[in-house]
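Enquirer: Got a structure for you, written out below as structure tokens; questions coming shortly.
What follows is calculated from the coordinates using simple rules that are stated; it is not laboratory data. Fair warning: this is a prediction, and the values are worked out from it, not measured in the lab. Neighbour counts run over all protein chains shown; Cβ positions are idealised from the backbone, glycine included.
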Amino acid sequence: MQTIELTDRSLAALLAIIEKQPGSYGNLFRGQADASWSLVPSLYRVKHLPIASENQEKNYDIFEFGWINSFFDEGLNYLPTITRTYSNDRILAQHFGVPTRLLDWTRDPLVAVYFAVENPQPNLDAAVYMILPEAKHRPEDVKSLGPHKVIELTPPAIDARITAQKSVFTFHPYGPSNQPFVPLDKREEIGGRITVPEGIARGFTKIIIPARVREYLRGTLHGMGYDRAHLFPGLDGVGANISARARAGGLWN
């Protein structure tokens, strides 16, 4: 993985970095508020599992399976109509906050930048990751990774948030089954291969957004319509957007 620090506060400078990376806007993008955070799906952030099977990977499999079943049992009256498959179950559960092995991304780099800088953190660097998937499949067709390290799954439009955020998910191998999960940014050979003028390169980059430019980028994105009200359509998004503007010391007009 290549790591690049944004040295200019302009959004144009950040987009210029993206355009120079293997795959450019064909990558998927993920914003993180703290540049020190690694890329770890929510399932593997759970550290103390009440399960003891033959290995750590199996422990997580059982843990995830149980909570996904609970989600469908307890949420039955509220669930959208969707064909239940291995991947669809995980996409739906992940979308509504259940820990799964999937990782959230977006096709829109500005959405990723917004999520990286939306909260005022004057002393904290943020980051945008970009990754080039090796394969793209319909969720209902995926049951295993096969030889791939990064599979892109396009979710069904189960609510307006999926469409507004241009959401997409990725599916990755666990790694050595008897070891803790290794963050994706700590792995070699992650990211699809692509031909570049110098030869063959992998599409996997981390762009560090220094703390000093967070506020400026957030203001620029708000002016372009990238805010909670638009990315989370409905009253929850409106309220969250007003709250964010108030906490940043803005006025109500």
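Enquirer: Give me a comma-separated list of calculated 3J(HN,Hα) values for the range 202-210, in order, Karplus coefficients 6.51, -1.76, 1.60 applied at θ = phi - 60°, integers in Hz, x for any Gly or Pro.
Expert: Calculated HN-Hα couplings, in order: 9, x, 7, 9, 10, 9, 8, 9, x Hz.
Enquirer: What number, rounded to the nearest 500 deg cm²/dmol, is the helix-based mean residue ellipticity at 222 nm of the chain, given -39500 (n - 2.57) per DSSP H run of at least four residues and division by all its residues?
Expert: -9500 deg cm²/dmol
Enquirer: Could you put Ile91, Ile17 in order, starting from the residue whose Cβ has the fewest other Cβ atoms within 10 Å? Intermediate values should be presented prior to the final figure.
Expert: Numbers: Ile91 26, Ile17 18.
Ascending number of Cβ neighbours within 10 Å: Ile17, Ile91.
Enquirer: Using the Kirkwood radius built from alpha carbon pairs, what does the Stokes-Einstein equation give as D for the range 1-131 at 37 °C and 0.692 mPa s, in µm² per second?
Expert: D, rounded to a whole number, is 192 µm²/s.
Enquirer: Measuring from the lowest to the highest alpha carbon on each principal axis, how far does the range 143-203 reach, largest first, in angstroms?
Expert: That gives 40, 38, 21 Å along the principal axes, largest extent first.
Enquirer: Here's a follow-up. Quick check: Cα centre of the range 163-191 to Cα centre of the range 5-26, how many Å?
Expert: So the separation of the two Cα centres works out to 23 Å.
Enquirer: Can you list the lysines whose alpha carbon sits under 21 Å from that of Lys58, skipping same-chain ones fewer than 8 residues off?
Expert: Lys47, Lys143, Lys149
Enquirer: Can you give the Rg to Rh ratio for the chain, taking only C-alpha atoms and Rh from Kirkwood? Don't skip to the answer; put the middle values down first.
Expert: On the way: Rg = 18.8 Å, Rh = 19.4 Å.
Expressed as Rg/Rh, it is 0.97.
Enquirer: OK, next. Which is the longest stretch in the chain that no exposed loop site breaks, taking sites as GluC sites (Glu not before Pro) with a DSSP loop state and at most 16 other Cβ atoms within 10 Å?
Expert: The segment 55-187 is the longest one with no such site.
Enquirer: What percent antiparallel are the DSSP beta bridges of the chain, to the nearest 5? The partial results should precede the final answer.
Expert: Details: 23 of 30 bridges.
That works out to approximately 75 percent antiparallel.
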